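What follows is one structure encoded as structure tokens, with my remarks underneath.
The values are calculated or read from the model by the stated rules, or taken from the named source; none is laboratory data. Bear in mind that the values here come from a model prediction, so they are computed numbers and not experimental data. For neighbour counting, all protein chains shown are included, and Cβ atoms are generated from backbone atoms with ideal geometry for every residue, glycine included. To get the accessible areas, we keep the full protein, side chains included, count just its heavy atoms, and leave off ligands, DNA and RNA. Shrake-Rupley method; radii C 1.70, N 1.55, O 1.52, S 1.80 Å.
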Amino acid sequence: MANARLGRTEHIAGWTFIAPALVLLGIFMLYPILWSLWMSFQVGKGMNFSFGGFANIIRLTKDPVFIRALVNTLTFLVVQVPIMIGLALLAAVALNDPKLRFRGFFRTAIFLPCVTSLIAYSTLFKSMFATDGIVNKMLMGLWIIQEPIHWLQDPFWAKILIIIAITWRWTGYNMVFYLAALQNVDRSIYEAARIDGASGWHRFWYITVPMLKPVILFTTIISTIGTLQLFDEVNNITQGGPSDSTLTLSLYIYNLTFKFMPSFGYSATVSWVIVLLVAVLSFAQFVIARDRSK
Amino acid sequence: MTDQALPLATSRAEPRTGSFKVPHYVGRAITYLLLSLAAFVSIFPFFWMVVGATNRSVDIGIGKATFGDQLLVNATNFFTTVDAPRIFWNSAFIALVGTVLTLAISSLAGYGFEMFRSRFRERIFGLMLLLLSIPFAALMVPLFVMISQFKLVGTVAAVVLPGIASIFIIFYFRQATKAFPGELRDAARVDGLNEWQIFFYIYLPTMRSTYAAAIIIVFMANWNNYLWPLIVLNKPEQKTATLVISSLTSSYTPDFGMILFGTILATLPTLIIFFLLQRRFVEGMLGAVK
């Protein structure tokens, strides 16, 4: 780790290795970010705009569609991310047991959903969750529900459907990170805890979770960012409906820019709401993770 | 890698679980039950996709879960409704170009950041990690305006260029490079190889697993990419499979039998790549998390 002084040729080599990426990031990331920050203070339609000060921010607070999209997005975040992280952790711990049989099969099966294309899985979910579809049929066959659920037409169930869909798709993805990290946890710690009489639940809560904390933090932040940007699923499964009940911030930005008369300034403002949310939530997650370790 | 490590784990000593004891095999049975349920839920939609492709749209709508005899009809409908060779070629071309360029540029950068550290470059790296949290939605509008000013709308370059320098992949390669043995590099230097030769002749072959995992991630992301191509590809003859099949589902009375046949075709490439590289994928992920 200790950093030997780099020679002159090495110093130049260091720049040549990273230069292509830096140039591209400058053009396709840094510049657009600054542009959109500037844009969020402009008002007007299409390419005719003028400085509007805080007009866009004031418009945000009075825009019921924006408020609804914000509440929907936060609802998805608060409900979906903890469920998914929890399931992924439990699955990883169960699959980490060397005595478990069919580990390879279970691991591949649970990971498989994230190999599917977005379009495949939206189509599948749309057809499986039709009112007369297979899912209602199964649930009724198992006597879990009496009446078919209107997954796609009912505002409440449409939200649940989106949550089920994202959880199905991404749990295995998160699980792989935990499985990889669990390889580094010394099994003798578990043996010691077992001899001391710690139950399975205690071992999970007091050994596994603290050991995996950095990875849990990483995946939580990645999932938070992903959920705050939720677009593909809602656009393909529910189109944001019924009556905007699954409209997310990203979908709203898309609508503002490419469906309605483009209002670049205002949609840039909405996108900075997402940036702000990501920044605040990531920071909060870092702080919480640090506190728990004391 | 260390799957079967520590076979010395003691013979199953019955753990003391407090006031009452749950027999060990009950917990085991519950574990298997839950894992089987998870596996069923994960796999069922794939089964449904294959079954659906053999049924009529009406039967899919009423949840028929047995194989039907409509496979040929659905296939014929699919191939007459969409220009299949064209849309799959478009998808494949974009995914291949995107994957090759992303891996090249981003792995070079990841290697560079880890191998040649300087205080200034560490600061740049920190700034990049910060940028990682900027959602794509925030970039979408300015990127689109930029791409149209470059007159690139409707080109492969427009789809691929913004994603080539992927901060996530750079970060991934930097993490993995930490496991690249320094002695190998030193030995190569003694042999008189320059920095680029070391990268191409020593680093690349050593890091095959890392590259395999990255290929899976990047290829899948490119093949499945939806929002950005939806915005920048406006001519029908350039649309990718993802875009075209997705537009079929939003018709007033979607023909699900035909669409599910299409989704099988759209899923196959990523499935094949995953199964071909699966072993290396797990190894690559292990290397990066360590």
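When the Cα atoms of the stretch A:146-264 are aligned to their principal axes, the ranges along those axes come out at 66, 45, 17 Å in descending order. Only protein heavy atoms count here, probed at 1.4 Å, and on that basis chains B and A bury about 9000 Å² of accessible area in total.
Take each residue of peptide B:32-40, count the partner chain Cβ atoms within 10 Å of its Cβ, and average: the result is 5. Within 10 Å of the Cβ of each residue in A:96-106, the mean number of Cβ atoms contributed by other protein chains is 3.
If a spin label sat at a point 7 angstrom from the Cα of B:Leu129 along the line to its beta carbon, no backbone N atom of the stretch B:201-223 would be nearer than 14 Å. As a ratio to 2.2 N^0.38 Å, the alpha-carbon radius of gyration computed for the stretch B:25-69 takes the value 1.59. Rg ratio for the protein assembly as shown: its Cα radius of gyration over 2.2 N^0.38 Å, N being its residue count, equals 1.02. With a Förster radius of 56 Å applied to the beta-carbon distance between A:Arg187 and B:Ser118, the computed FRET efficiency rounds to 0.90. Shown for the stretch A:64-293 is the translational diffusion coefficient from the Stokes-Einstein equation, using the Kirkwood radius over Cα pairs, a temperature of 10 °C and a viscosity of 1.306 mPa s: 81 µm²/s.
Shielding of peptide B:46-52 by partners, expressed as the average count of other chain Cβ atoms within 10 Å per residue Cβ, is 4.
Spin-label model, A:Arg101/A:Trp15: points 7 Å from Cα along the beta carbon direction are separated by 6.3 nm. A simple charge model with +1 on the Cβ of Lys and Arg, -1 on the Cβ of Asp and Glu and nothing else charged puts the dipole of the stretch A:64-293 at about 440 debye relative to its Cα centre. The distance from the alpha carbon centre of the stretch A:92-116 to that of the stretch B:169-194 is 32 Å, rounded to a whole number.
In the context of the full set of protein chains, the protein assembly as shown has a per residue accessible area of 46 Å² (1.4 Å probe).
For Cα pairs less than 8 Å apart in space and 6+ apart in sequence, what is the mean separation divided by the residue count of chain B, i.e. the relative contact order in percent?
Relative contact order comes out at 30 percent.
Across B:Met49, A:Met211, the residue with the most accessible area heads the list, and the full order at a 1.4 Å probe is A:Met211, B:Met49.
In this simple spin-label model, placing a label point 7 Å from the Cα along the Cα-to-Cβ direction at both B:Lys178 and A:Thr61 gives a separation of 4.5 nm. Computed on chain B, the Cα convex hull volume stands at 237 Å³ per residue. Past the 20 Å Cα-Cα mark, which pairs from A:Lys259/B:Lys235; A:Lys99/B:Lys178; A:Lys137/B:Lys64; A:Lys126/B:Lys64? Cα-Cα > 20 Å for A:Lys99/B:Lys178; rest within. Between B:Val26 and A:Trp205, the simple spin-label model (points 7 angstrom out along Cα→Cβ) gives 1.9 nm.
Look at where the Cα atoms of the stretch A:143-199 and of the stretch B:116-162 average out, and the two centres are 33 Å apart.
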